[in-house]
Amino acid sequence: MNINISFQPDGTALCLWTDAISVHELGRLQITRASSIEFNNTTQQWEVIDRKGRVRFIAKSRAACLEWEHENLQPE
């Protein structure tokens, strides 16, 4: 898995959270979810939903949704 960390001019780091690396050494953390992964009881599938409420990806596996999230929602 590739992990991208972008740094803004003010020193703020942006990345998707992963437990694969410890980012606590970078300083105080402020976590904002890029999306939520929820199970749709009607369709019996997992959905990646962005902060505007749009369904961005659907799969039978939550793991597939997590993988899609890491591949497609990296900070620019």
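Only the coordinates and a few stated rules stand behind these numbers; no lab work does. Owing to the predicted nature of the structure, the values given are computational and were not obtained by experimental measurement. Neighbour counts are summed over all protein chains in view; Cβ atoms, including those assigned to glycine, are modelled from backbone coordinates with ideal geometry.
With springs only between Cα atoms under 10 Å apart, run a GNM on the chain and tell me which of Leu66, Leu29, Leu14 wobbles the most.
Leu29
Pick from Ser35, Ser61, Ser22 the residue whose mean-square fluctuation is largest in a GNM of the chain, springs joining Cα atoms under 10 Å.
Of the options given, Ser22 has the highest mean-square fluctuation.
Using +1 at the Cβ of each Lys and Arg and -1 at the Cβ of each Asp and Glu in the chain, identify which of His24, Ala63, Gln44 lies farthest towards the dipole's positive end.
Value computed over the given set: Gln44.
Would you please report the Å³ per residue occupied by the convex hull of the alpha carbon atoms in the chain?
So the per-residue Cα hull volume is 105 Å³.
Quick one: if you stick a label point 7 Å off each Cα along the C-beta vector at Arg33 and Asp19, how many nm between them?
1.7 nm
Going by alpha carbons, how many degrees (0 to 90, nearest 10) lie between the helix axis of 62-72 and the longest principal axis of the chain?
Taking Cα atoms only, the helix is inclined about 50 degrees.
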